[in-house]
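Everything below concerns the one structure shown next.
Since every read-out is calculated from the coordinates, none of them should be taken as a lab result. Note that the structure is predicted; figures quoted are calculated from it, not measured. Neighbour counts are summed over all protein chains in view; Cβ atoms, including those assigned to glycine, are modelled from backbone coordinates with ideal geometry.
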């Protein structure tokens with residue numbers, strides 16, 4: 001019988017339970033997938049903790065890769081045996097099998113393995129919309145990137161560097177600083193040791209950067225604003241340190257008529273053609289070797305709680321996977 005990690009209440013990693021579940025047939029327009037690798041992301045901890053409330057009981061997890069076991073009526077682009085991956089808006093990826101709408105599933109090219117895809121879909125598509133849609137990164141411009149040694153950060157660091165940007169990477173330790181430099185960072189700031197905004201101003205000769213990508217949230221929000229050049233864009237896309245408190249619009253005025261966005265991947269991939277475009281561009285940059293997938297650690301599906309503990313303690317680099 002298939003298994004799934006489920007929660008019956010919000011809380012810490014201890015609320016994650018491995019349970020037996022029924023195998024469901026696909027409905028019209030759906031496919032049933034045998035999952036071979038599952039991505040672990042910070043958004044999973046938000047669902048678990050209640051920062052993003054979910055109805056109970058609930059599954060956990062947003063991305064995975066695997067093989068199509070069965071296609072429902074009306075599915076024409078996927079068939080049994082196809083290798084596929086997805087990044088879904090509804091939690092539930094921590095499982096052996098899953099039924100998904102075929103329109104939200106992409107077929108994998110031979111150049112991308114199942115494990116790479118499970119490490120890529122949510123984080124890689126996030127990097128795609130950050131760098132290619134929120135702000136189209138240009139050659140020669142400075143970019144400030146927080147959590148640059150993490151799952152999204154490492155992909156975005158490599159991709160921005162491949163586009164010709166000069167990335168100022170913010171990391172949490174000397175080990176991660178070395179890691180970021182090895183993957184293309186032009187400059188590195190160790191958080192907690194240096195004043196981020198002061199260092200950015202020094203690097204950019206007082207001007208600041210045109211864009212900040214901040215997935216940390218509460219702890220770095222105002223430092224990020226202070227690092228921006230006039231008319232710069234603050235992209236606050238995560239809450240690793242907690243949600244950003246309410247901000248008065250005048251804070252943007254005082255710092256140079258700044259722009260602020262709080263985006264989510266699922267708005268940028270709401271339509272099937274947008275999802276297909278993002279996946280195509282992501283697979284191309286990975287296939288070219290410009291972006292290498294770093295899998296920091298793999299855990300058994302039953303040890304999902306251990307993966308969450310390591311992720312929240314920031315003991316990880318690269319992407320984390322669960323393996324059914």
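Look at (i) 60, 39, 36; (ii) 66, 49, 34; (iii) 62, 58, 55: the one that is Cα extents along the principal axes in Å derived from this structure is (i).
Extension gain for residue 219 to residue 292 (0.36 nm times residue separation, less C-alpha to C-alpha distance): 23.4 nm.
Which FRET efficiency value, to the nearest 0.05, do you get for residue 1 and residue 178 by plugging their Cβ-Cβ distance into 1/(1 + (r/R0)^6) with R0 = 45 Å? The formula returns an efficiency of 0.50 here. Please give the helix 151-162 orientation as an angle from the longest Cα principal axis of the chain, in degrees from 0 to 90, rounded to the nearest 10. Taking the Cα atoms of the chain, the angle to 151-162 is about 60 degrees.
So what is the relative contact order for region 224-290, in percent, with contacts set as C-alpha pairs under 8 Å and at least six apart?
Working: 47 pairs, mean separation 22.4, N = 67.
Contact order relative to length: 33 percent.
Based on the alpha-carbon gyration tensor of region 1-88 and its eigenvalue square roots a ≥ b ≥ c, which shape applies: rounded if a/c is under 1.5, prolate if not and a/b is larger than b/c, or oblate? Each step should come with its number before you reach the end.
Numbers: a/c = 2.25, a/b = 1.99, b/c = 1.13.
Prolate is the answer for region 1-88, as a/c is 1.5 or above and a/b outweighs b/c.
As a length-normalised measure over Cα pairs under 8 Å and 6 or more apart, the relative contact order of region 19-120 settles at 37 percent. Would you work out if region 140-223 is rounded, prolate or oblate? Take a ≥ b ≥ c from the square roots of the eigenvalues of the alpha-carbon gyration tensor; rounded if a/c is under 1.5, else prolate when a/b is larger than b/c, oblate otherwise. Since a/c stays below 1.5, the shape of region 140-223 is classed as rounded. Extension gain for residue 251-residue 55 works out to 67.0 nm (0.36 nm per residue, less the C-alpha to C-alpha distance). Length available on full extension from residue 22 to residue 198: 0.36 nm per residue minus the Cα-Cα distance, which gives 57.8 nm.
Of all DSSP-defined beta bridges confined to the chain, some 55% are antiparallel rather than parallel.
Over region 139-262, Cα pairs under 8 Å with separation of 6+ residues give a relative contact order of 21 percent.
For region 87-162, a/c is not less than 1.5, where a ≥ b ≥ c are the root eigenvalues of the C-alpha gyration tensor, and a/b tops b/c. That puts it in the prolate class. One Cα centroid belongs to region 212-228, the other to region 256-274; the line between them spans 17 Å. Calculate how steeply helix 114-129 sits against the longest principal axis of the alpha-carbon atoms of the chain, using the helix alpha-carbon long axis, and give the answer as 0 to 90 degrees to the nearest 10. Value to nearest ten degrees: 40.
With q set to 0.26 Å⁻¹, the log10 of I(q)/I(0) for region 1-52, from the Debye formula over equal scatterers at the Cα positions, is -1.06. Relative to the dominant Cα principal axis of the chain, helix 272-287 is inclined by about 70°.
Using equal-weight Cα scatterers in the Debye expression, the normalised intensity of region 1-153 in log10 at q = 0.15, 0.20 Å⁻¹ is -0.84, -1.25. Please identify which residues in region 163-180 have an amide N closer than 20 Å to a label point set 7 Å out from the Cα of residue 231, following the Cα→Cβ vector. Correct set: 166. Over region 163-202, all Cα pairs binned in 10 Å intervals from 0 give whole-percent P(r) values of 32, 54, 14, listed from short to long.
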